[in-house]
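The values are calculated or read from the model by the stated rules, or taken from the named source; none is laboratory data. As the structure is a prediction and not an experimental result, all values here were calculated from the model. Every residue, glycine as well, gets a Cβ built from its backbone with ideal geometry; the counts of neighbours run over all protein chains shown.
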Amino acid sequence: MAEAQIKESPFSPGRPVQPEYFVARIKEIQRLERSVNQTILGKNENVFITGPRGIGKSSLAGLIKYIAEKHSLIGSHCFLGGVRSLNEMIRMVFQRLLQDCKDESVFDKLKNIFGDYIKSITLFGTGVEFTKDKGELQTLVDNFLPLMRKIYDQIQPNGKKGLTLILDDLNGISDVPQFSQFLKSFVDELATSGKPLPVFLILVGLPERREDLIKHQPSVARIFDVVELPVMAPSESEDFFKEMFDSQNIEVDSDALSLMVNMSGGYPMLMHEVGDAVFWQDKDNRIDINDAGRGISEAAQIVGKKYIDPKISKVLRNKTYASILSKVDTVLWGETFERQEIMKQLPEKEQDSLDNFLRRARGLGIIELSGSRGEYKFANPLYHLYMGFSLAKLSWSKE
Ligand SMILES: Nc1ncnc2c1ncn2[C@@H]1O[C@H](COP(=O)(O)OP(=O)(O)OP(=O)(O)O)[C@@H](O)[C@H]1O
Ligand SMILES: [Mg+2]
């Protein structure tokens, strides 16, 4: 079998990263560790991890759950993507709690607490199925706080010090007004009960999801401390690529390293796409500038197809927009462009469409505002590269 087929890529594009491959985010980890420590001391802590798509929110939440487990908290990391009701949410939360449980004697206790609500179960863990009966699930929603207390009381003798609940991918549930209310009631009831409970509640979502929650219940803003993830610094991205390739005994030339760092723009999601594509270009366990260049072109195609093709094809079908984009596309990597400058380059009949184009491209997440009014940039360098490819394809197809 050829070597290319048996080597294993350390990169995991599209999936939250495993704790052993997690890099950087020291400040955010320290902040969240503080909450883990407060929870162990018996307090309720509430944090909202936010930031743009692909910045590493779920990965960070996953790492914190791992750290919390090391500190004897039991935890559940729920991806609530398609969930649109409190009943479904509660079902997921408790089901996950059992599925994620790593300690058999704790698992048996949870199984007893939820006995009547569990429909089927395979030996220790993975195959736990909760009831779908609406009435039964509503009982779980109504008794959330007493249930959490019961869980805590019962797991304490097993040396467990509390719970971490991570509610991730809030896009469905964040617009359900009862969800915001549920969060507020839980935290307020807990605070006024005079009986502390060590629960670390972590919400994970895009900034818009947090705004949705606040719109329905303004107190959510004060209840949850915000941990906002910025793009990674170039030195952090560099460490990432070095460590990942080093784990497979692959050397990286410094010019290749700089190119990968620059083109992924500090977005871990893009770093994995770039790293993975470059990894598969390499044939001699050494990444040189050619491997990096080819891999990056490949990564731009992959990222474009995954994240922007469905959105941009409509824009490119509009001749005026395609023409405007070709002007915008001439800006240099990472540079900003001004509305006024583009306007000057456009024929008069296209000028009226510029503002519409800018609004649409912003709405699609392809460009974003940068600093002062009227100044824009591509959301990241790979999108920029992909736009170049798309425009080139468009002009070939016309020839
Ligand atoms: N600290 C990190 N170290 C290494 N890789 C990371 C790190 N953070 C994120 N990644 C990688 O970046 C990609 C995106 O991460 P993740 O899924 O955690 O982002 P997200 O913000 O939750 O995205 P979304 O908004 O789509 O839910 C994944 O491939 C993940 O493996
Ligand atoms: Mg995520």
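Observations on the model:
- Members of the range 298-326 found to be among the polar types (S, T, N, Q) and touching a Pro at 6+ places or on another chain (Cβ under 9 Å), listed by number: S323
- Count - residues of the range 352-381 that are loosely packed, with under 14 Cβ neighbours inside 10 Å, in a helix (DSSP H, G or I), over 28 Å from the mean Cα position of the chain (by Cα) and not acidic (D, E): 1
- Out of G54, G14, G42, sole residue that is farther than 18 Å from P230 by Cα, within 12 Å of ligand 1 (Cβ to nearest atom), part of a loop (DSSP other than H, G, I, E, B) and not basic (K, R): G14
Table: residues versus (1) assigned to a loop (DSSP other than H, G, I, E, B); (2) more than 16 Å from ligand 2 (Cβ to nearest atom); (3) crowded, with 17+ Cβ neighbours inside 10 Å; (4) not assigned by TED's automatic domain parsing to the domain that holds Q99.
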| site | (1), (2), (3), (4) |
| --- | --- |
| Q30 | no, yes, no, no |
| V36 | no, yes, yes, no |
| V47 | no, no, yes, no |
| K65 | no, no, yes, no |
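- For the residues I214, I202, the requirement of being at pLDDT 95 or above and more than 14 Å from ligand 1 (Cβ to nearest atom) singles out I214.
- F337 falls short of the stated requirement of being touching a residue at least 60 places away in the same chain (Cβ under 8 Å) and outside the structural domain of G54 (by TED's automatic domain parsing).
- Leading residue by the ranking (surrounded by the most Cβ atoms within 10 Å (Cβ to Cβ)) among those in the range 17-28 that are of a type outside the set (K, R) and not in a loop (DSSP other than H, G, I, E, B): E28
- Residue match in the range 274-288 (condition: at pLDDT below 95 and crowded, with 24+ Cβ neighbours inside 10 Å): no
- Any hit, the range 118-133, residues being away from ligand 2 (no atom under 16 Å from the Cβ), without any contact (Cβ under 8 Å) to a residue 24 or more places away in the chain and at positive phi: yes
- Taken over the range 74-89, the residue count meeting the criterion of being polar (S, T, N, Q) and part of a helix (DSSP H, G or I) is 1.
- Search result, residues across the range 29-82 that are within 14 Å of the chain's Cα centre (by Cα) and of a type in the set (S, T, N, Q): T50, S58, S59
- Considering only residues in the range 273-323 that are assigned to a helix (DSSP H, G or I), among the basic types (K, R) and farther than 25 Å from I55 by Cα, the one that is nearest to the chain's Cα centre (by Cα) turns out to be K314.
- Filter pass, E69 being assigned by TED's automatic domain parsing to the domain that holds L203, more than 19 Å from T39 (Cβ to Cβ) and away from ligand 2 (no atom under 16 Å from the Cβ): no
- Residues located in the range 324-351, provided they are in a loop (DSSP other than H, G, I, E, B) and under 20 Å from K377 (Cβ atoms): D329, T330, V331, L332, W333, G334, E335, T336, L346
- Sole residue being crowded, with 17+ Cβ neighbours inside 10 Å, small (G, A, S) and at pLDDT 95 or above, chosen from G162, G172: G162
- Pairs are defined by a Cβ separation below 9 Å, a sequence spacing of at least 6 or placement on different chains, a first member in the range 89-116 that is over 28 Å from S174 (Cβ atoms), and a second member that is hydroxyl-bearing (S, T, Y) and not in a helix (DSSP H, G or I); the pairs so defined are D116/T131.
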